[in-house]
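Encoded as structure tokens, the structure appears first; notes follow it.
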């Protein structure tokens with residue numbers, strides 16, 4: 001059963017991006033949209049937005065650097081390790097689960113380190129990469145995009161984003177344990 005799901009997931013993974021590309025391109029052509037021109041216009045707007053969000057990006061990256069360099073991430077990982085063992089999550093992947101909502105590049109660094117130490121085909125490597133794909137850089141997105149849009153009150157965005165990240169992490173732990181343990 002696990003072998004069937006693994007094969008199905010591999011097949012879907014190979015076909016997903018080309019299929020999405022073809023569907024969007026085909027839909028645009030079907031609706032008589034000048035796809036290339038619209039793409040270029042969107043890229044120009046994206047560049048303008050990128051320039052506006054640089055201060056927010058720098059502030060977020062500095063805060064994350066301080067969090068990692070201070071040892072707070074390691075301390076928190078050691079403190080929560082007994083809880084992760086109860087749900088089948090190796091304690092080594094906890095740093096990934098904690099870093100992912102904060103920073104894409106920070107979590108990529110954690111994942112890369114886990115791959116170097118444990119290997120990409122290890123349970124830890126597979127779980128870290130699944131966590132990476134199952135969650136979002138919630139606080140980064142809120143800081144950058146809400147900052148760029150001038151939104152000061154995030155209201156329900158933070159709790160909903162955190163709940164979604166926790167759900168993604170728990171789903172990653174469950175699926176990886178189901179398919180690879």
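One table, with the values for the structure above:
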{"item": "Test: residue in segment 117-140 that is more than 26 Å from residue 9 (Cα to Cα) and modelled with pLDDT under 95", "result": "yes"}
{"item": "All positions within segment 57-77 that are out of contact with any helix residue (DSSP H, G or I) (no Cβ under 8 Å at 6 or more places or on another chain), surrounded by 12 or more Cβ atoms within 10 Å (Cβ to Cβ) and at pLDDT 85 or above", "result": "72"}
{"item": "Qualifying residue in segment 116-128 (condition: in contact with a helix residue (DSSP H, G or I) (Cβ under 7 Å, 6 or more places away or on another chain), closer than 24 Å to residue 59 by Cα and part of a loop (DSSP other than H, G, I, E, B))", "result": "no"}
{"item": "Flag if residue 108 is out of contact with any strand residue (DSSP E or B) (no Cβ under 8 Å at 6 or more places or on another chain), closer than 30 Å to residue 52 by Cα and in contact (Cβ under 8 Å) with a residue 24 or more places away in the chain", "result": "yes"}
{"item": "Filtered residue count, segment 113-133, keeping only those that are loosely packed, with under 12 Cβ neighbours inside 10 Å and within 19 Å of the chain's Cα centre (by Cα)", "result": "1"}
{"item": "Among the candidates 54, 64, 9, residue that is more than 30 Å from residue 174 (Cα to Cα) and either in contact with a strand residue (DSSP E or B) (Cβ under 6 Å, 6 or more places away or on another chain) or assigned to a helix (DSSP H, G or I) (or both)", "result": "54"}
{"item": "Residues within segment 78-105 that are over 19 Å from the mean Cα position of the chain (by Cα) and assigned to a helix (DSSP H, G or I), tallied", "result": "9"}
{"item": "Those residues of segment 142-169 which are farther than 16 Å from residue 63 by Cα, surrounded by 15 or more Cβ atoms within 10 Å (Cβ to Cβ), touching a helix residue (DSSP H, G or I) at 6+ places or on another chain (Cβ under 7 Å) and free of Cβ contacts under 8 Å to residues at least 40 places away in the same chain, in sequence order", "result": "157, 168"}
{"item": "Test: residue 139 is free of Cβ contacts under 8 Å to residues at least 40 places away in the same chain, part of a helix (DSSP H, G or I) and either under 28 Å from residue 123 (Cβ atoms) or in contact with a helix residue (DSSP H, G or I) (Cβ under 9 Å, 6 or more places away or on another chain) (or both)", "result": "no"}
{"item": "Checklist (1) under 30 Å from residue 146 (Cβ atoms); (2) in contact with a helix residue (DSSP H, G or I) (Cβ under 9 Å, 6 or more places away or on another chain); (3) free of Cβ contacts under 8 Å to residues at least 24 places away in the same chain applied to residue 34, failing item", "result": "(1)"}
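The values are calculated or read from the model by the stated rules, or taken from the named source; none is laboratory data. Just so we're clear, the structure is a prediction, and the values are computed from it rather than from any experiment. Please note: Cβ atoms are built from the backbone with ideal geometry, for glycine as well, and neighbour counts cover all protein chains shown.
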